[in-house]
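Input: one structure, supplied below.
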Amino acid sequence: MSDNVLGFDTQRIHAGYDPAQHNQAVSPPIYATVAYDFRDVQAAKDLFSYTAPGFLYTRVGNPTVAVLEERLRILDGAAGAIALASGMAAISYTLLNLAEGGAGRVLVSPYLYGGSVDAFKKIFPKLGVGIDIAKNIADPAKLAKEIKPDTKAIFIESISNPNAYLFDVDAIAKVAHDNGIPLVVDNTIATPYLYNPIAHGADFVVYSATKGLSGHGNVIAGVVLESGNFDLKSEKFPQFSEKYYTLRDTDGNERSVLEAFPDTPFVSRIRFNYLNFLGASLSPFDAYLAILGLETLSERIDKQSRTTLILASYLEAHKAVEWVRYGALESSPYQALYQRDFKKGAGGLLSFGFKGTEEQREKFINAIDLFHYHVNIGDARSLLVNSPKTTHGELTAEEKEVADIPENLIRISAGLEDPSDLITDLEQAFVKAFA
Ligand SMILES: Cc1ncc(COP(=O)(O)O)c(C=O)c1O
């Protein structure tokens, strides 16, 4: 059956893999090989000019990794996909690909994973990419004023870490497009099961596949997708028209990514520049774990969304809780956006404000038994963490204020356990905190 008539749940198990091309192996094999025999000189020439399909060297492409790429490409309705060694590699390569060269800036949401915030502050300016923190990401009508002549992209998370805020991606995409720049969406927390950023106007999507996509806390991986809708021929992005020796045709003429890969210039440029030369390749073993995890994506995210709403309602009614942030709660300021855009749930991440002293908060965390205390999300195991002291610990007091991360914030990532056991665990920890 053709891929575009199959439903999401069928695709996450079958898309991008044909057993007939792999000795009828039902589960995608792990291709533990560095290189691929060229067979003869003509075949090598065809491979090196990308006129014949095939693999050259595992740093830039591998058949197991390609299954993951193709599966996510189809699940997200994208034109192209590339898998990388981590979510941070996916974010870094994407933003460098857009704003490299010393004259580019990116306008970023203030509500982001701490690693992104730190990288934007510490590394990107040294690499020649200026970062501006948007003041009006929640008010797209005012956002256009923050775009400068050298701004090359807007970057947001569709569900923010750690606050679980939601955004009007359609409206933000329109502002970006009206100003000739693309919108990049980190869709890690939502996963393609809950939200399709491309259908809402995003041009490029990044994932940390470490989280809900793979879902078992056992692999670090990242993915970049391109919608195929953004015009990279624009003079704002001359790098996509640069000619490369590595992309020469069979006659030896150098080509640009737009000439060699007109349908997927963005991810192709990541592959043949950033992945090729900076080398954050995903191992085929890790790609296999991510493929395996994807097979149960819908059931896991469904259950995590249901459990998180139960936990959010329990916490909201608790006397030791100041506030709860979770889009599916009726009290959430994001309820209208949630109803409009998140038909399958709000995902497995919430944050709440602990009402008590710092000492009581620490007692609460130390008393947690079933929950793990660690810095991951989207795992089958439930976990919680005091984000301002850990994942977002490097933010200054001012940055925490802008990012709306108060010192009493505790982030929960719901796993797949019985919700009643999770509530029992939280309750006994609250009791001990106030004993
Ligand atoms: C929203 C988000 N994006 C990106 C990342 C980075 O992913 P990785 O740890 O795979 O590099 C994380 C990690 O927590 C994240 O939460």
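The values are calculated or read from the model by the stated rules, or taken from the named source; none is laboratory data. None of the values given here were measured: they were computed from a predicted structure. Cβ placement follows ideal geometry from the backbone for every residue including glycine, while neighbour counts extend to all protein chains displayed.
Have a look at A85, A15, A90, A79 and point out the one that is under 25 Å from the mean Cα position of the chain (by Cα), within 16 Å of the ligand (Cβ to nearest atom), surrounded by fewer than 21 Cβ atoms within 10 Å (Cβ to Cβ) and not polar (S, T, N, Q).
A85
Still on this structure: Which members of the range 204-254 meet the condition of being on the phi > 0 side of the Ramachandran plot and without any contact (Cβ under 8 Å) to a residue 60 or more places away in the chain?
Correct list: G252 only.
Scan the range 357-366 and give yes if some residue there is free of Cβ contacts under 8 Å to residues at least 40 places away in the same chain and assigned to a loop (DSSP other than H, G, I, E, B), otherwise no.
yes
Another question about this same structure. Can you go through L47, L98 and tell me which one is more than 16 Å from the ligand (Cβ to nearest atom) and at pLDDT below 95?
Exactly one residue qualifies, and that residue is L47.
Just checking, how many residues over the range 138-159 are modelled with pLDDT of 95 or more and either within 27 Å of V375 (Cβ to Cβ) or aliphatic (A, V, I, L, M) (or both)?
10
When you go through (1) touching a residue at least 40 places away in the same chain (Cβ under 8 Å); (2) farther than 30 Å from Y195 by Cα; (3) not in a loop (DSSP other than H, G, I, E, B) one by one for V67, which number turns out not to apply?
(2)
Shifting gears a bit: Take the conditions over 29 Å from E398 (Cβ atoms), assigned to a loop (DSSP other than H, G, I, E, B) and out of contact with any helix residue (DSSP H, G or I) (no Cβ under 8 Å at 6 or more places or on another chain) and apply them to G180. Does it pass?
When the stated conditions are applied, G180 passes them.
Determine which member of the set P162, P197 is within 14 Å of the ligand (Cβ to nearest atom), closer than 24 Å to G77 by Cα and touching a helix residue (DSSP H, G or I) at 6+ places or on another chain (Cβ under 9 Å).
Every option except P197 fails the conditions.
For the range 380-393, name all the residues that are within 15 Å of the ligand (Cβ to nearest atom), more than 13 Å from G114 (Cβ to Cβ) and crowded, with 24+ Cβ neighbours inside 10 Å.
L384
Filter the range 142-176 down to the residues that are in contact with a strand residue (DSSP E or B) (Cβ under 8 Å, 6 or more places away or on another chain), over 16 Å from A99 (Cα atoms) and outside any loop (DSSP other than H, G, I, E, B) and list them by number.
The answer is L143, E146, E157, I159, L166, V169, I172, A173, V175.
Would you point out the residue of the range 349-363, among those that are within 26 Å of S305 (Cβ to Cβ) and surrounded by fewer than 23 Cβ atoms within 10 Å (Cβ to Cβ), that is farthest from the ligand (Cβ to nearest atom)?
Among residues in the range 349-363 that are within 26 Å of S305 (Cβ to Cβ) and surrounded by fewer than 23 Cβ atoms within 10 Å (Cβ to Cβ), the one farthest from the ligand (Cβ to nearest atom) is K355.
Residues of the range 54-76 being more than 16 Å from the ligand (Cβ to nearest atom) and over 28 Å from N23 (Cβ atoms), which ones?
Within the range 54-76, no residue meets the criteria.
Okay, residues lined up against (1) buried (at least 18 other Cβ atoms within 10 Å of the Cβ); (2) without any contact (Cβ under 8 Å) to a residue 24 or more places away in the chain; (3) within 16 Å of the ligand (Cβ to nearest atom); (4) part of a loop (DSSP other than H, G, I, E, B):
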| residue | (1), (2), (3), (4) |
| --- | --- |
| T308 | yes, no, yes, no |
| L315 | yes, no, no, no |
| K319 | no, no, no, yes |
| G327 | yes, no, yes, yes |
| G347 | yes, no, yes, yes |
| G378 | yes, no, yes, yes |
| L395 | yes, no, yes, yes |
| P406 | no, no, no, yes |
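Still on this structure: Being in contact with a Phe, Trp or Tyr (Cβ under 7 Å, 6 or more places away or on another chain), in the same structural domain as T94 (by TED's automatic domain parsing) and under 21 Å from T94 (Cβ atoms) narrows it down to one of I147, I154, I172, I137, so name that one.
I137
Would you mind stating whether A414 is surrounded by 15 or more Cβ atoms within 10 Å (Cβ to Cβ) and of a type in the set (A, V, I, L, M, F, W, C)?
yes
Would you check if I189 is under 13 Å from the mean Cα position of the chain (by Cα), surrounded by fewer than 24 Cβ atoms within 10 Å (Cβ to Cβ) and within 12 Å of the ligand (Cβ to nearest atom)?
no
Still on this structure: Which one is nearest to I189 (Cα to Cα), of the residues in the range 101-132 that are away from the ligand (no atom under 16 Å from the Cβ) and surrounded by 18 or more Cβ atoms within 10 Å (Cβ to Cβ)?
Of everything passing the filter in the range 101-132, L107 is nearest to I189 (Cα to Cα).
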